[in-house]
Amino acid sequence: MVDLDSEVPPLPPRYRFRDLLLGDQGWQSDDRVQVEFYMNENTFKERLKLFFIKNQRSSLRIRLFNFSLKLLSCFLYIVRVLLDDPTQGLGCKELNRSCSNQNYTPGTIDWSPIIWVNRSLPLWGLQVSVAVISLFETLLLSYLSYKGNIWEQILRIPFLLEIINAVPFIITIFWPVLRNLFIPVFLNCWLAKHALENMINDLHRAIQRTQSAMFNQVLILISTLLCLIFTCICGIQHLERAGNRLTLFDSLYFCIVTFSTVGFGDVTPKIWPSKLLVVIMICVALVVLPIQFEQLAYLWMERQKSGGNYSRYRAQTEKHVVLCVSSLKIDLLMDFLNEFYAHPRLQDYYVVILCPTEMDAQVRRVLQIPMWSQRVIYLQGSALKDQDLLRAKMDNAEACFILSSRCEVDRTAADHQTILRAWAVKDFAPNCPLYVQILKPENKFHIKFADHVVCEEEFKYAMLALNCICPATSTLITLLVHTSRGQESQQSPEQWQKMYGRCSGNEVYHISLEESTFFAEYEGKSFTYASFHAHKKFGVCLIGVRKEDNKNILLNPGPRYIMSSTDICFYINITKEENSAFKKQEKHRKNHESKLSCHGASRLPVHSIIASMGTVAIDLQDSGCRGASGATLALPAEAGREGRRPSIAPVLEVADSSSCQTCDLLSDQSEDETTPSDDEVSAGLDYAKGYPPYSPYIGSSPTFCHLLHEKVPFCCLRLDKGCQHNYYEDAKAYGFKNKLIIVAAETAGNGLYNFIVPLRAYYRPKKELNPIVLLLDNPPDMHFLDAICWFPMVYYMVGSIDNLDDLLRCGVTFAANMVVVDKESTMSAEEDYMADAKTIVNVQTLFRLFSSLSIITELTHPANMRFMQFRAKDCYSLALSKLEKSFVKDFMISITRLLLGLDTTPGSGFLCSMKITEEDLWIRTYARLYQKLCSSTGDIPIGVYRTESQKLTTSESQISISMEEWEDTKDTKDQFSCRGNHRNSTSSDQSDHPLLRRKSMQWARRLSRRAPRHSAKTAEKINQQRMNLYRRSERQELAELVKNRMKHLGLSPAGYDEMNDHQNTLSYILINPSPDTRLELNDIVYLIRPDPLTYVPNAGPSRKGSFCNTVGQDTREETQL
């Protein structure tokens, strides 16, 4: 065998153990060579090149010295001209003494004054010194920049000019006779121009300034123009020594008049050399200057496109914010600017827009308006480039807003761009506050470092869900977020417009309790007591608080919460307290006012709110006749069940266990018990309360919800197909007690999860939960089904809103609300406003087929809301993302999320609503309602949704006008209303319609009697009547179509109401109305209800009353906290 150990070579000496311990001692014996790098820079030439050329700072000093020498030479030339006398002819006498005796004939040129000048000895010495230094520097720089072609260095124009100006002076040192020889030293101005350009380039390299093309071009143009003028002045003056003998000032005057094309003619050259020089200079000017102007104009246009820079001086002295977008649309720009500059404290801010695309024509026209041109700066650039962020002075900005373009087809790609912009800004300016708008909720966790994040899909679906429970929630939230002075529509003749415009100015403000005039006196009192009395006295609505040591905001923490001096109070008012002036009411009121304010149960404050220039003056009620315990209403003598209703109890300063009554929403004791009742088990209401075990995306806020004890199999989530667990194949087979909520969407995105959570929140009564059906164009993913399978009564169905069969299968005839979500595939429309076209047409079709259905629509552009006039329902517009609002009010995003149910804070209330019925009209006014709610349930009202009947002319797609309006009084007994239940066939032949034939005969008789007197009016009535007949026939045809399809699908048409005509109504919202506002029937009051988990259920009997009925309830239930 081979000895393996003998084949292993020994370690070299420097790897031995002794060497490892003692160090390498034998490296001198190795064949290693020490190499020194960059040895060529140690040569004398390389050192000179490094000093004169490569090093920016030393090269800048050399060029500055060269520039100074050239200017000095030009200055010495001017001094020589001023001291020279062309009549002496010193140079001629020295060279040729007989030249002075020569006689010149007229027309000849005396060349001696042109060739010879009078140059004093000191001046000659200075010029020779400057020439020697300049020539030496030129030769040295030519040697250092030599690259193998000597002729390239010699034939350069600067080198030739240097030789012409310097070499003759050096020759005069060795030949003194030529000391007075003329040398064109004024040509050094062109060398000074060349040195100035190089000096500016070195300066930019030294200070790392790259955006200097415009400055360089302007500098080149100015220096070129000055050199042309200076050369012409000196040349004309010297050549005219043999002619008019012009001074420098006369030559300057001649050049200015000539180059400006004025040409007075009082000063003109006399000899041909000077004339030739003028011609040459004009030709040079006509060639050089247009080129310079063209380059300057091109750079100016490019700068206008890119936007230039935001100056560092302005960034240090003025405040500015940066808006980063991928593409700037006029709607996005105007929404941002109008909302941002609506605040008085932001009027002096600048808005710097950083966008990678060029401005379109509309944006350019808007930014040229004086109101915006002085405050908005557009920069074309990318937020991913530090150079562009430096141009926008991002490190000095007060805030950075990064908005997404939601009109993109690929919303995920748009979010990825937003995330990269946010990362780049955070890396460049870590201390700059960052406000980011994201589209999809699954991308939120990438930008958790941002100060404020608004996810569009989260807000969108939560708002759409809340609209199903609280009508017009989208309008309520938008009005609270939007900035208004409350002066809109004050000149309108309509009373509702004045009231709506005044109430629309209410916003959410905050102030410390100890610094507040509104709330300081309520320290140590309960929250409901402070809210009620602040509204009664000042007209402000206290909605929430925040403790000093806690960042969480609590909306209506309830009557058990005691106000502290360090609390931050959040209230709704026409303006903030700092902009308000307080005036006590005069004691000498009118008799009826004094009686009303000091006696009786209807004592109400009288408020006078005047909004002018951001200041509000509030008249305070005289509290002289108020008791110590606050306002109380006298109890009537009879308050039994069979007598009149009991009066409103006073709001206690500190709530006790007996006074904390609850509303119907959570007072069903059986819901809070661990053991469900038999009725609940039979009805399938055996639900648990807890947090959803699975979330479809990272970053969703945990919400306490109604959940199933076991998750539903995926096959049971399909509404239209049976499985081994159930055999139901349509919505009617399930036998739901409550009406459905149908959501029509393109895909089951993660944002759709936020539609389900608010509708299954723990504070929603189990008996009021509506089944949710998702009508999806595409099948959902498994992870989405994992998230929704724990929620009760949530189903999905694959189908399209365009298909009538799919609508009928999903139970549209049993639905209370139909939510239509705008499809992402329509975002790629060539015209932006056409992105809503498909949604609008689909909604119009739904209304025609199912007129009793409540339709809630999402629209991309607010301008398209005018196409929704056929129904006074909610149209959610995506203009809600008011990130600019959170710049001034950083609490608005948190409050909005709490109102929408996206966040749940322990102890914080939630948004709900109640409907005013006939049994509740005894309360009469909003102030008494406020007191009733605070004293009984602890709810805080914040607004009223009111619907009024209007006599307006409607479009063809709205309603059918009753035929009886056109009947003659003699035919009253034979009238039939269009709203009757007569359902005839859809044939258009009048012979098949006895009703239509009879009406036609009656109209013919009436028109035959009235035609001679009212021909024009009669023709209009005929057209209207024909249109009514057409509408009725059309409605019958549509109803027959729906019934036939239902029969074909095996569905019973019994519940279909095809002739449900609706009168013309007008709906509007009053936010924080005045206390003396009268309540009307069917008013919907928005409430912030306290968190039910903060109270202990009472063991007493339940209390029954119609006051706490929620919206949509026809019967009242016994409730107990």
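The values are calculated or read from the model by the stated rules, or taken from the named source; none is laboratory data. Fair warning: this is a prediction, and the values are worked out from it, not measured in the lab. Positions of Cβ are generated from backbone atoms using ideal geometry, with glycine treated the same way; all protein chains shown enter the neighbour counts. The area values use the complete protein model at the heavy-atom level, side chains included, leaving out ligands, DNA and RNA. Shrake-Rupley method; radii C 1.70, N 1.55, O 1.52, S 1.80 Å.
For the pair LYS385 and SER492, the difference between a 0.36 nm per residue extended length and the Cα-Cα distance amounts to 33.4 nm. Sorted largest first, the spans of the alpha carbon positions of segment 383-506 along the three principal axes are 56, 33, 24 Å.
Seen from a random direction on average, the alpha-carbon convex hull of segment 230-271 projects onto 2.6 square nanometres.
With N as its number of residues, segment 267-328 has a Cα radius of gyration that, divided by 2.2 N^0.38 Å, comes to 2.17.
Computed with the Debye formula from one identical point scatterer per Cα of segment 428-469, without solvent, the log10 of I(q)/I(0) at q = 0.16, 0.30 Å⁻¹ comes to -0.49, -0.99. A simple spin-label model places the labels of GLU197 and LEU226 1.5 nm from each other, with each point 7 Å out along Cα-to-Cβ. Computed from backbone phi, the HN-Hα couplings of segment 457-472 come to 5, 4, 5, 5, 5, 5, 5, 5, 5, 5, 5, 6, 9, 10, x, 6 Hz, rounded to whole numbers (Karplus: 6.51 cos²θ - 1.76 cosθ + 1.60, θ = phi - 60°; Gly and Pro given as x).
Using θ = phi - 60° in the Karplus curve 6.51 cos²θ - 1.76 cosθ + 1.60, the 3J(HN,Hα) couplings for segment 374-391 round to 7, 10, 10, 10, 9, 10, 8, x, 10, 6, 7, 9, 4, 4, 6, 5, 5, 4 Hz; x is entered for Gly and Pro.
The three principal axes of the C-alpha atoms in segment 286-441 carry coordinate ranges of 64, 37, 30 Å, sorted with the longest axis first. For segment 558-569, 3J(HN,Hα) computed residue by residue from phi via the Karplus equation (6.51, -1.76, 1.60; θ = phi - 60°) reads x, x, 7, 7, 9, 6, 10, 5, 8, 6, 9, 9 Hz, glycine and proline entered as x.
With a Förster radius of 25 Å applied to the C-beta separation of ASP1076 and GLU523, the computed FRET efficiency comes to 0.35.
Computed extension length for MET301-ASP395: 31.1 nm, one decimal, from 0.36 nm per residue of separation with the Cα-Cα distance subtracted. Close amide H contacts of LEU542 (hydrogens built in the peptide plane, cut-off under 5 Å, sequence separation of 5 or more or a different chain): HIS535, ILE572.
Rounded to 0.05, the FRET efficiency of the PHE293 and GLN362 pair, given R0 = 35 Å and the Cβ-Cβ distance, is 0.70.
Computed across segment 468-547, the Kirkwood hydrodynamic radius from all distinct Cα-Cα pairs reaches 14.7 Å. As a length-normalised measure over Cα pairs under 8 Å and 6 or more apart, the relative contact order of segment 106-172 settles at 43 percent. Note on segment 305-362: the alpha carbon radius of gyration divided by the globular reference 2.2 N^0.38 Å gives 1.20.
Between VAL267 and ILE115, take the C-beta separation as r, use R0 = 30 Å, and let me know the FRET efficiency to the nearest 0.05. Computed FRET efficiency for VAL267 and ILE115 comes out at 0.80. Take segment 298-373 with all the other protein chains still there, run a 1.4 Å probe, and you get 52 Å² of accessible area per residue. List the pairs from LYS838/LYS889; LYS448/LYS889; LYS689/LYS737 whose alpha-carbon separation is above 28 Å, in the order I gave them. Flagged as over cut-off: LYS838/LYS889. Going 7 Å from the Cα of ILE150 in the Cα-to-Cβ direction, what parts of segment 109-140 have a backbone nitrogen less than 16 Å from that spot? In segment 109-140, the label zone of ILE150 (backbone N under 16 Å from the point 7 Å along Cα→Cβ) covers 139-140.
The label-point distance for ASP890 and PHE582, in a model that sets each label 7 Å from Cα toward Cβ, rounds to 2.8 nm.
With the simple model of a label 7 Å out from the Cα in the direction of the Cβ, SER1052 to ILE369 spans 6.0 nm. For CYS705, the amide hydrogen comes within under 5 Å of the amide hydrogens of GLY690, TYR691, TYR762, counting only partners 5 or more places away or on other chains and with H modelled in the peptide plane. In the full protein context, segment 221-266 carries 46 Å² of accessible surface per residue, based on a 1.4 Å probe and ignoring ligands, DNA and RNA.
Once the other residues with Cβ under 15 Å from the Cβ of PHE784 are scored (Lys, Arg +1; Asp, Glu -1), what is the net sum? Counting the neighbours of PHE784, the net charge comes to -3.
Available extension along the chain between LYS1043 and LEU139 is 315.2 nm, counting 0.36 nm per residue and deducting the alpha carbon span.
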